[in-house]
Amino acid sequence: VSGNTLPLYSIVGGNVSLPCTNVYYPNCSSTTWIYGSIEEVSLGRVKKEKLNRADRLSLGSNCSLNVSNVRAEDAGVYTCRQFLTEGGQQHGGDATVHLSVLTVSSSTPVTDLKPDGTVALRCSLLTFDGKCN
């Protein structure tokens, strides 16, 4: 069963809130977030073990997944699911977010920038399904 898919964009170093549009319990005790195939939030709690980015994840209002200090590798498919009990049957469909992350860099060091000078910027958008420059 599938639900809505939402495209979302962030810049490296920014903060982003991924909405969960299929919330069952407002206190988020039924909410599970999956990144790719990795379960990062289970029944409303961020999984701290074996998760090198757990300190950058939190649950926000309406059970949204907040990602702070976004990195390029955070781009991907996030799925919000509702389970009434651990190991129980899924309630309702998936709420999917496709996160793309924009990186902007300069080939000129900041110390070399001059007023009215020229600077070349390189923009790279890492999408949920591959890289697009």
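The values are calculated or read from the model by the stated rules, or taken from the named source; none is laboratory data. Bear in mind that the values here come from a model prediction, so they are computed numbers and not experimental data. Neighbour counts run over all protein chains shown; Cβ positions are idealised from the backbone, glycine included.
Just one residue in the set 46, 16 is among the aliphatic types (A, V, I, L, M) and under 22 Å from residue 123 (Cα atoms); that residue is 16. Return the pairs, sorted by first residue and then second, in which the second residue is modelled with pLDDT of 90 or more and in a loop (DSSP other than H, G, I, E, B), the first residue lies in the range 25-40 and is under 15 Å from residue 87 (Cβ atoms) and among the acidic types (Asp, Glu), the beta carbons are less than 8 Å apart, and the residues are 6+ apart or on different chains. Short answer, once both residue conditions are applied: 39/47.
Picking from residues in the range 92-113 that are modelled with pLDDT of 85 or more and outside any strand (DSSP E or B), the one that is farthest from the chain's Cα centre (by Cα) is 92. For the range 114-124, check the following and say yes or no: at least one residue is among the β-branched types (Val, Ile, Thr) and assigned to a strand (DSSP E or B). No, every residue in the range 114-124 fails to be among the β-branched types (Val, Ile, Thr) and assigned to a strand (DSSP E or B). Here residue 55 meets the list (1) in a loop (DSSP other than H, G, I, E, B); (2) more than 15 Å from residue 8 (Cβ to Cβ) almost entirely, failing just condition (1). Residue count for the range 1-51 satisfying the condition of being of a type in the set (Phe, Trp, Tyr), surrounded by fewer than 18 Cβ atoms within 10 Å (Cβ to Cβ) and touching a Leu at 6+ places or on another chain (Cβ under 6 Å): 0. Of all residues in the range 32-51, those satisfying the criterion of being under 17 Å from the mean Cα position of the chain (by Cα) and either farther than 11 Å from residue 79 by Cβ or part of a loop (DSSP other than H, G, I, E, B) (or both) are 36, 37, 42, 44, 45, 46, 47, 48, 51.
Here the range 74-132 is the region considered, the condition is being among the hydroxyl-bearing types (Ser, Thr, Tyr) and farther than 25 Å from residue 53 by Cβ, and the residue that is surrounded by the fewest Cβ atoms within 10 Å (Cβ to Cβ) is 111.
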